[in-house]
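Enquirer: Below you will find the structure I want to go over with you.
The values are calculated or read from the model by the stated rules, or taken from the named source; none is laboratory data. All of these numbers come straight from a predicted model, not from anything done at the bench. Don't worry about glycine lacking a Cβ; one is built from the backbone with ideal geometry, like all the others, and counts go over all protein chains shown.
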Amino acid sequence: MPMGKSKNRGYGFGTTPVFLASLSTILGAILFLRFGYAVSNAGLIGTILLVFIAHLITIPTALAISEIATNMHVEGGGEYYIISRSFGKIIGGSIGISLYFARAISVAFYMVAFAEAFRPINQYLMAKYGIWIDLRIISLFFFGLITWLQLSWLQLWKGANMGVNILWGVFLILIVSIILFLFGKTLPGTVSVPLTYKIKGADPMFKVFAIIFPAFTGMAAGVGLSGDLKKPERSIPIGILSATITGMIIYILVAIKLHSSAPMSLLASDPLVMSKIALWGPIIPLGLAAATISSAISSAIVAPRILQALGNDNVLPGKKVNKFFAKGEGKVNEPVNATAFSVLLVILFIIPGSLDFIAQLITMFFIITYGILCWISFLEHMAANPSFRPVFHTKWYISLLGAIMSLIVIFQIQPIYATLALLIMFIIYRLILYSHKDENELSTLSQGLIFQITRWLKIISQRNRRKLKPYGWRPSVIAVSKDTFERISIVDLLRWISYRHGFGTLVHFIQGMLNKETAEKAREIKGELVKLIEKGGAGIYVDTIVSPSKKSAVAQIVQFSGVSGLDNNTLLLEFPKEEPSKIDDVIDAAKFALSVKFNILILRSSSRHFGYKSVMDVWITDKKYRNSNLMILLAYIIKGHPDWSKGQIRVFVAFPESEIKANVTNLKKIIESGRLPVSFKNIIPISFDPENQTIEKVIEEYSESSDLVIIGFDSSDLDKVKDEFVKYDKLNDILFVSANENILIL
């Protein structure tokens, strides 16, 4: 009884049509025309190995498509609809363009293969009447017939029972032809040869693979019925997976039968050798014709609709191009322009008439499409997006296997073409991204992946945390500022420190009580900071905090967990030289950092803004070297930034005359053993008399023109040393350093 078309679910088909459509496409041209070639050129073991390699790509892809299909309410549109509605227009469009060419060129492949079914008739006409019909004419004639049917009688093919009945008819012919072949005879001249035996001058394994791989791409043909399935979330996975596994088993059985039933030379030379083995020879050309014509019709229907959908989604470059291909006519919105373009493309590939060339080209398109699909599926798994909730589940490592195998195989087939194909796919992606800048789904997936990796690393780091040895220390700095947009010195210093060896977090302090208004203001400022930092190319993390005072803000901030997985260990504060009164706020805030044993860095910025970044002075005045080690390490880290690449570090060792020699010698040993980029000629001993000179005057005398001066201080009593920060009138930018951890250079 015919099934009426449901308003919501098309014709309400079950799983069987999906299975039939996929299997009838899998068991097609390659099986009947090129599998003898494969066995003779790769050997039986090699052929079976190639079948398994192919399924290491197609099975993960089938699983990925099945998973995607069960994550959404599937409408018509087949593979492209499922991919684009799951991954978005940019990813979906990039895959869709490759998928379109694969499907369109497949029509030419099927039509060239279909014409091969007429070879026995041609041979008969030649022997009887001396007539030989060019097989390309047959391909073109029947392709024209298919196109006419597609445009005029599409509903006949797609109608409720008619479409399924045709699929059943093709399937039965295929099954009968395969059974008659498997139970067929052994040809004269067949001898037992080793399972690895190949003909002399055999083609390379991966050339054979490139020619036979299109056989296994039919597994997704049933997805084209997505709009007419009653339960696509169930029918698509079961249908295409069962067809894929069934097809794999049949191909292995056919390979074994070919190897045992015909001479290797005949397998290599006769495309229709299966008809000589089968119990009834004509069934093989009949099976070939049925499989290829049904596959050709299926691809001829799907390909223009993919192109039309790409146009409807404005994925193609240019508004006029999208409008042209999106155009449809009639009640079913027939894609006339997309069909016309596809017809021209198919004819272009039919005319040369080379089945092997088309097969290799299709292989490249399909493998790249499948590889990208598996890679995106892997990213989706890793990103763990809560909106990705498929009913059918695969595993991330299966998708990753499919992606890796695809990459390996295309480079094994033809490295140059593989590189060009990947480059073209990247260009397509960038072009689509350029016209859809606000829809970068790959960026969203990548962010999700980064989130998961960061979360995992932080958990592992916390579980396995050991106290870092003093010589393994690296800076994890929190910088707090209320004037981030007014003075950027603290931002620059933070990005220098966190450029390579450390990690920096910039927290913009907003004074006030937390409420709806201040929370909204904090979000806006954070967005501006992200843009500012991104524009400046700084690799630092930014955040905001609302608090009644700077010291209460710092009290909260020093309790933050380290964003990088490393505990925060250093607080960076700043005040301008021109406003010395602001040191009181800085000192009050710094006191809270002492309770958690943070190192304290206080930057006194100047209008000179680090000058030419050519001279950095480090002043060693403490023979305990507690601050000195941190000061020297910071100088080394800062100099590693490109801004300071042409600068030099000068280390001044300032002690009374009796102590100067020993301290200089000790410092040189530390610098040499620590492989620090400080020339010994830049280690400058300064002897002074503490009773007649102040260290402040000595430092001013030598570092007046320096771009950054690093000076240590004792933070055990901050109120006592507060005045030190506002001295040094002749100096410009100064970084005051207090180490509250045991830090070693060696």
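Enquirer: Return the residue satisfying two criteria in turn: it lies in segment 494-516 and is surrounded by fewer than 19 Cβ atoms within 10 Å (Cβ to Cβ) and hydrophobic (A, V, I, L, M, F, W, C), and of such residues it is nearest to THR570 (Cα to Cα).
Expert: So the residue we want is ILE510.
Enquirer: A further question follows. Assess whether GLY537 counts as being on the phi > 0 side of the Ramachandran plot and either crowded, with 21+ Cβ neighbours inside 10 Å or modelled with pLDDT of 85 or more (or both).
Expert: No, not satisfied.
Enquirer: Name, by its number, the condition in (1) farther than 23 Å from ALA54 by Cβ; (2) assigned to a helix (DSSP H, G or I) that does not hold for ASN314.
Expert: Every listed condition holds for ASN314 apart from (2).
Residue-by-condition table, conditions (1) farther than 22 Å from ILE686 by Cα; (2) surrounded by fewer than 15 Cβ atoms within 10 Å (Cβ to Cβ):
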site: ARG626; (1), (2): no, no
site: SER645; (1), (2): yes, yes
site: ILE649; (1), (2): no, no
site: VAL653; (1), (2): no, no
site: GLU657; (1), (2): no, yes
site: LYS669; (1), (2): no, yes
site: GLU672; (1), (2): no, yes
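Enquirer: Which one of ILE637, ILE671, ILE620 is touching a Leu at 6+ places or on another chain (Cβ under 9 Å) and either assigned by TED's automatic domain parsing to the domain that holds ASP714 or among the aromatic types (Phe, Trp, Tyr) (or both)?
Expert: None of the others qualify; the one that does is ILE620.
Enquirer: For the list (1) in contact with a helix residue (DSSP H, G or I) (Cβ under 6 Å, 6 or more places away or on another chain); (2) in a loop (DSSP other than H, G, I, E, B); (3) among the basic types (Lys, Arg), I need the number of the one condition that ARG650 fails.
Expert: Exception for ARG650: condition (2).
One line per residue, one yes/no per condition, for (1) under 27 Å from LEU31 (Cα atoms); (2) at pLDDT below 85:
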residue: GLN308; (1), (2): no, no
residue: ALA338; (1), (2): no, no
residue: SER342; (1), (2): yes, no
residue: LEU348; (1), (2): yes, no
residue: GLN360; (1), (2): yes, yes
residue: GLU380; (1), (2): no, yes
residue: ALA383; (1), (2): no, yes
residue: PRO386; (1), (2): no, yes
residue: TYR397; (1), (2): no, no
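Enquirer: From ILE490, ILE453, which residue is out of contact with any helix residue (DSSP H, G or I) (no Cβ under 6 Å at 6 or more places or on another chain), of a type in the set (A, V, I, L, M) and at pLDDT 85 or above?
Expert: Going through ILE490, ILE453 in turn, the sole match is ILE490.
Enquirer: Would you list the helices (runs of 4 or more DSSP H) that sit entirely within segment 504-613 and hold 1 or more residues that are free of Cβ contacts under 8 Å to residues at least 24 places away in the same chain and outside the structural domain of ASN742 (by TED's automatic domain parsing)?
Expert: Working: elements: 516-536, 550-557, 583-594.
So the answer is 516-536, 550-557.
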